[in-house]
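Remarks on the structure that follows.
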């Protein structure tokens, strides 16, 4: 054991250096740590060269089941700004980050966006959420677009020299997101009214549904701890049979078994439903792919849902031609 | 602020220092109690308690409607004690053995918690993670002011729990020892082994809740069971077993942190693995270890004893599981 202690103490000095060096040099990019990819996307785009963003919860990770690694400690301890979603998406970590705000600047992006949204757009109080705000605000692109100003403001406070450029990028990005929203609206409008039901694994699409006109039915509810009950599945099966919706959807962060169970049960009852594809619910796609950006994630989700439910995807907006070009150029 | 306080503060401000200290404190608090659980063959109660905690949290949520309440800690501790009480009740019926009783009680309580979420709170982000942080990597982010120092909340909590556990073990050492090894004699001497047992398991529950918040479930269970088990392989004296358990816990915290940094993996997972390394070393190199056993095969083996008079020796032979269950009251 003495040997092990010796080995451990030999490794010790490395941790002492993990302490944040206040790298306040105005020319250095801000060291930003973001919990989710959606928050990271916003701060990356608005921050531009002024921000060096790292993401804690990568593709396919349920924010709820995320486990930190030792490297995350370093990243957090060096961070000059910690961006997170808020509204309990990150569980108790969100509460800790909220208290941390006095020592390291933190930004609860979804909570700040919610302050600027008309109360009517905020989803709460329905039987889905009792008194708490649904954290999945990024589902509606026009709502998420309000985060551009918030991000620019925080970045401007940390690097006054960057304030103007960040505000500029924020305006551009907001315009792009509004164009994305209009594109999503136009695409969704092509889905026949009788087929506007979106059945997914869990309740991550309330904002998406409200913005683009879908009735959303998440099988599992919000907490992933209490898995889908038999009654949940039966209710969903009834809904599918009743509405005659042609497709249901799985999520990248959740096991597809419940959705597959619904499909099997529908077929047993003489109906038919296909699995319309994978949607990005609580996480985006891999970095370095189009779906690893917010725009690409919404494009994928809207496209998948609209096509599977019998609609037609609208023409890609000119405002986002640059985005499309960048990703298709990058593709082999 | 004096220079000493400033120096201490500078030291505590390093995440690594706070993380290792929290790990070591959880390890000491858990293995002090764990030694008795292992000797009483109740180690799996720690796992049972860590599952039942969810029921306590759900009940408090249903009563108060909030996830942000200190009452959750009380509720979780009570649920832990409830597990112990129900297990005891089943054992005293003499229809089921102790391990089976544990296995009957905690799944039932955990299932009740899941059903309650399903029925009353299916759309709230409700589980242990929502109330307890359970991630040692973030524990240093959450700071409270204690006297003149900014200390991680979990560090302060675990320090308090460790001191209480230490005081409990030191002050009631004789009672604990007798209640563990010879409950019959303890009763005859008026030492109330049942009460001592509840005190022990009550502290296990409180420690579980504190440790859950600081480091998460698996690391807590590992710290309760593995260091005392490894220590038991190194010595037959209870005092030394307690001390070795604490040292192994401290070593696991340090070694685990170094391991986690070296491979950029989960700190809690690495600390739990480190306890396993110590267990393996004890298994190979300890007094009753495989190497020693092979060595001693030439000479006749001395009967094992754990710091108690020979009268109770037959009950202590923990390596033959069938021999002592009948002796427990």
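A Förster radius of 51 Å, combined with the Cβ-Cβ distance separating residue B:85 from residue A:241, puts the computed FRET efficiency at roughly 0.60.
Mean residue ellipticity at 222 nm, helices only, chain B: -24000 deg cm²/dmol; runs of at least 4 DSSP H residues each add -39,500 (n - 2.57), and the sum is divided by the number of residues.
In terms of Cα atoms, the Rg and Dmax of the range A:25-182 work out to 15.3, 50 Å. Using Stokes-Einstein with the Kirkwood hydrodynamic radius over Cα pairs, what translational diffusion coefficient do you get for the range A:229-320 at 37 °C and a viscosity of 0.692 mPa s, in µm²/s rounded to a whole number? D = 227 µm²/s. Expressed in units of 2.2 N^0.38 Å, where N is the residue count, the Cα radius of gyration of the range A:264-304 is 1.58. Label zone of residue B:112 (point 7 Å out along Cα→Cβ, amide N under 19 Å): in the range B:197-222 this covers B:202, B:205-206, B:209. With the simple spin-label model, which puts each label point 7 Å out from Cα in the Cβ direction, the residue A:78 to residue B:285 separation comes to 3.6 nm.
With a 10 Å cut-off around each Cβ of B:109-118, the average count of Cβ atoms from other chains is 2. Name the residue, out of B:238, B:201, B:219, whose mean-square fluctuation peaks in a Gaussian network model built on chain B with Cα pairs under 10 Å. Top of the fluctuation ranking is B:238.
For residue B:237 and residue A:260, what does the FRET efficiency come to when R0 = 51 Å and r is the distance between their Cβ atoms, rounded to the nearest 0.05?
Calculated value: 0.35.
Build a GNM of chain B with springs between Cα atoms under 10 Å apart, and of B:253, B:93, B:43 the one that fluctuates most is B:93. Shielding of peptide A:71-81 by partners, expressed as the average count of other chain Cβ atoms within 10 Å per residue Cβ, is 4. The label-point distance for residue A:54 and residue B:71, in a model that sets each label 7 Å from Cα toward Cβ, rounds to 4.1 nm. Computed over Cα pairs, the Kirkwood radius of chain B leads via Stokes-Einstein (1.306 mPa s, 10 °C) to a diffusion coefficient of 76 µm² per second.
Note on residue B:189/residue B:104: beta-carbon distance plugged into 1/(1 + (r/R0)^6) with R0 of 35 Å gives a FRET efficiency of 0.60. Exposure proxy for B:285, B:141, A:158: other Cβ atoms within 10 Å of each Cβ, ordered fewest to most, give B:285, A:158, B:141.
A short reminder: the numbers here are calculations on the coordinates, not readings from a lab. Keep in mind that this is a model prediction, so the values were computed, not measured. Reconstructed Cβ throughout: ideal geometry from the backbone, glycine too, with neighbour counts over all protein chains shown.
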